[in-house]
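These notes concern the structure reproduced below.
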Amino acid sequence: MTDDIPTLEEIRAARETLGERVRETPVWLWHGDVAERLAGARTRVFLKLELFQYTGTFKARGALLNAMALSDEAKKAGVTAVSAGNHAIAVAFAARGAGTSAKVVMTKTANPMRVSSCRAYGGEVVLADGVHQAFDMVKRIETDEGRTFIHPFESELTVLGTSTVGFEWCRQVGDLDAVIIPIGGGGLIAGIACAVKQMQPQCRIFGVEPVGADSMRRSFAAGSPQSLEKVDTIADSLAPPYALPYTFGIARRFVDDIVLVSDDDMRRAMGVLFADMKLVVEPAGAAATAALCGPLRERLEGQRVGVMVCGSNIDLATFARQAIPYERA
């Protein structure tokens, strides 16, 4: 496990460096009949609405710190990335803000809305036939064009960027008993966990993964980063097929437990967030809410719980097809 974690002073400095380039996203106290029915009458639920971040997800923070740290020579060459969508969008956004260029690789199955969003921020998008071809392509771009590769999660600057989410959260809400954070590659939970545990040490950290993409949970059980032979989930933002050492080490140090949710759990949570708060989120953005209303409900009832709503990059047709409507009756 790594000892090289962001200190509170480094996290505070990173947030100051990002400044107004990113939004301080709001926290919403979720209460009322629906919240009481699903989370418990005495449970206080504080939603961190990172879906309101520039680019629609938390990814902008880490991508910006990476891009802003480039030398003048590296900025001339530009940056590159490979992504199903959210990270690619964030890298294009960050490149524009840092005065450089982005050439990103996405698969041909990527949601067209995400491809167009990436291009709207000035990113050049190269489409690959599949995941393996995409990674081969980004390596060629990195080598042939001298572009700096920005990793979606396994990077000290990326984790430092996500730690600013936890820093904001703890300043906005005191005395949290627990926070629930979705896990894809692990960059989000590693960053938030190291910030929260330094600011509110009593707060427990719960990670949540899809049943069909539980690489971090398996890694915790094995004591080392593990890979999956197959990934099967609608939450493509939570579907990296492996855990990696740096983010695994930080997560293993600070995360108290990891729970699993099904695709239908996330679909129902998408419907709840829309019905009660008019939030349109992608499946990954609903994962923490699904965990609160499902496997963590009894464990956290009556407590002060932070819930991460991490992303909203989904088109209306896909949302309508995936979300399960919430029936109030």
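The numbers here are math on the coordinates, done by the rules we state, and not lab data. Quick caveat: nothing in here was measured; it's all calculated off a predicted structure. Quick reminder, even Gly has a Cβ in these numbers, built from the backbone with ideal geometry, and neighbours come from all protein chains shown.
Some values worked out for this structure:
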quantity: Estimated [θ] at 222 nm from DSSP helical runs (n ≥ 4, -39500 (n - 2.57)) normalised by residues in the chain, nearest 500; calculated: -14000 deg cm²/dmol
quantity: Ellipsoid equivalent to region 14-58 - semi-axes via the Cα gyration tensor, in Å; calculated: 30, 10, 6
quantity: Radius ratio Rg over Rh of the chain, counting only Cα atoms, Kirkwood formula for Rh; calculated: 0.95
quantity: Hull shadow area, averaged, region 59-149 [alpha-carbon convex hull, nm²]; calculated: 4.9
quantity: FRET efficiency estimate (nearest 0.05) - Cβ-Cβ, E20 to I324, R0 35 angstrom; calculated: 0.40
quantity: Average Cα contact separation per residue, region 59-149, under 8 Å, 6 or more apart, as relative contact order %; calculated: 31
quantity: Choice from E50, E301, E73 with maximal GNM fluctuation in the chain (Cα, 10 Å cutoff); calculated: E73
quantity: Cβ-defined net charge surrounding G130, 14 Å radius [Lys, Arg +1; Asp, Glu -1]; calculated: -2
quantity: 5 angstrom amide H check on A102, placed H, neighbours 5+ away; calculated: V79, E124
quantity: Distance histogram in 10 Å bins (all Cα pairs of region 90-248, percent per bin); calculated: 10, 31, 37, 18, 3, 0
quantity: Label zone at D315 (point 7 Å along Cα-to-Cβ), backbone N below 17 Å, region 85-119; calculated: 85-86, 89, 106-119
quantity: Ordering of 167-178, 315-326, 87-98 by burial proxy (mean other Cβ atoms within 10 Å per residue, highest first); calculated: 87-98, 167-178, 315-326
quantity: The chain, relative contact order in percent, only Cα pairs under 8 angstrom and at least six apart counted; calculated: 21
quantity: Förster radius 30 Å - calculated FRET efficiency between A120 and T143 (Cβ-Cβ, nearest 0.05); calculated: 0.60
quantity: Cα-only Debye scattering, region 227-329: base-10 log of I(q)/I(0) at q = 0.20 Å⁻¹; calculated: -1.12
